[in-house]
Amino acid sequence: MATAEGKKHRIGMAEFQRFGGAMLTPVLFFMFSGIVVAVTSVLTNPMLVGEIANEGTAWNGFWNTVANGGWTVFNNMEILFAIGLAYGLSNEAKGRAALEAFVLYMTFNVFINNLLAFFGPMFHVDLATAETGIKAIGGVTTLDTGFLGAILVSGVIVALHNRFFNKRLPEWLGIFQGSALVAAVGFPVMLALAFAFCLVWPTVQAGINQLQYFMSNAGLLGVWVYTFLEKALLPTGLHHFIYSPFQYGPAVVEGGITYYWMEHLQQFASSSESLTTLFPAGGFQLQGLSNFFGIPGIALAFYFTSRKENRKKMLALCIPGVITAALCGITEPFDYTFLFVAPVLFFVHAFLAATFATVQYAFGLSGDFGGGLIDVFAKNVIPLGQNHLMTYVVMFAIGLVSIAVYFIVFRYLILKFDFQTPGRGEDIEFHTKSDYREKMAAGKESNAVFVDEAAGYLVALGGAANIVSVTNCMTRLRVSVSDETLVKDDKAFLEWGAKGVVRNGDAFQVIVGLSVPQVTEAFKDLVSGKTEMPSGIE
């Protein structure tokens, strides 16, 4: 029998899972927009493409137009987080919740604008003269609360939506039900929140400035600790609270590392000073180096420690995982193939990732390395190659060394402690999806594959009546259930194509892979009854 304290802990972990999935939605937009901004920064730089890119030319005007389109996402980052969080965390009517979040979040910012305009001296903020701490969000000049303020306010709006959206009013007040009631209740709440932020946030900003100073001057130690925690906390979902304030918030630079790097890209590209001198905060964005230098070393270790008769299957497992990690920066499909059979290796991975990120920083590397090689070349190597080519040559030289070290360390530990990593046991069939290939070859519709897969997971999770909430992140189907004892063992998931299962009380993560959005939608339709269960799956 689970204790009340254990139940509360599991509920908390389930909420962390939902939060992580909700955070993913706005982050996905940054990838493409970042590449657009990076590419256009090259095409509008006369030093790189010649006089055709001079200011005033048609070429310059066109590509600056494209660049400004790319900046739309970064300039409205707070709004995206407010809407994305509401969509991800609302229990029902997610579209309505997203609209409510937009309306009430903008109302919150208008309230702040007017409070500061009329009562600025009370809050020690002068909108007319302030050079920092102020930002235009959706055209409204307000306090620069960054993504943190957006998700705090959005969290309140989600709570209001979940509490009041379905509240039934008397017939004569029926027009105020649903979103109208949420907006009406939220209006005074936003005013109170705006007043509280005006009182508290200037002090918070001062504290953030102190944190920025400390971390910027912590040097190598700061980079190591940050990278280790960001990697080590990945299985819990708590890594979102490590990287988000740095990457998208003002923990080390105003606007976050991603925004600041893109905003100053041409300035960095035109200077021959060391990247760590130009942008010391970029040391906190080197964790992505392990995507294309660490993962290949681990894959080699797994391959050469696997049984010879399993090595063909290991190639089928490792090659797609390495390519996905190296090119796109999505490591979960690979990480979760060994995290749960040998968790100590995952912490070794975090240690090595932090160590090599710190070494790279010591050799002058800085920038935005949060993604894969596509992202790295678009945002770093191509636009800055002219003046910083040797920095990137050194980066790849150290990277090759790190691949070798990863291989040696992992191979030694696997053999020394006989860790049952993929390929060392009798059966590694769970890494394939042959069932689906057969069904597709038989002429079934492609979406039927996702329906069958989702149905298999639903049965393994105890059926529709056992499902409390459903969401997903980049590669994982995240589900909370009413009764965890009804959930079947891992084999029931693996035979439907899952890479693994994370269990934490009544919170479950099914490692699906990059098809998880389609599987999630099919799963939700099965739970709601919109789609019938396929015959033969029980």
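The values are calculated or read from the model by the stated rules, or taken from the named source; none is laboratory data. Keep in mind it's a predicted model, so treat the numbers as computed, not measured. All Cβ positions, glycine included, derive from the backbone under ideal geometry; neighbour counts span all protein chains shown.
Observations on the model:
- Hits in segment 242-268 - residues which are buried (at least 21 other Cβ atoms within 10 Å of the Cβ) and assigned to a helix (DSSP H, G or I): ILE242, TYR243, PHE246, GLN247, ILE257, THR258, TYR259, TRP261, MET262, LEU265, PHE268
- Hey, LEU289 within 30 Å of GLN205 (Cα to Cα) and at pLDDT 85 or above or not: no
- Every pair of residues 6+ apart whose Cβ atoms lie under 6 Å, when the first sits in segment 295-310 and is closer than 13 Å to ASP418 by Cα and touching a residue at least 60 places away in the same chain (Cβ under 8 Å) while the second is hydroxyl-bearing (Ser, Thr, Tyr) and buried (at least 18 other Cβ atoms within 10 Å of the Cβ): PHE302/THR421
- Members of segment 123-143 that are buried (at least 20 other Cβ atoms within 10 Å of the Cβ) and in a loop (DSSP other than H, G, I, E, B): VAL125
- Here THR141 passes the criteria (1) farther than 22 Å from ALA97 by Cα; (2) in contact with a Phe, Trp or Tyr (Cβ under 9 Å, 6 or more places away or on another chain) except the one numbered (2).
- If you check ASP375, ASP368 for being at pLDDT below 90 and part of a helix (DSSP H, G or I), only one passes: ASP375.
- Scanning segment 55-111 for residues that are of a type in the set (Val, Ile, Thr) and not in a helix (DSSP H, G or I) gives a single hit, THR57.
- From the list TYR260, TYR226, TYR248, the one residue that fits, being modelled with pLDDT under 80 and not assigned by TED's automatic domain parsing to the domain that holds VAL348, is TYR248.
- Boolean, PHE81 is aromatic (Phe, Trp, Tyr), in the same structural domain as ILE35 (by TED's automatic domain parsing) and more than 21 Å from SER33 (Cα to Cα): no
- Matching residues in segment 502-538 - criterion: being among the small types (Gly, Ala, Ser), over 29 Å from ASP335 (Cα atoms) and either outside any loop (DSSP other than H, G, I, E, B) or touching a helix residue (DSSP H, G or I) at 6+ places or on another chain (Cβ under 8 Å) (or both): SER528, GLY529
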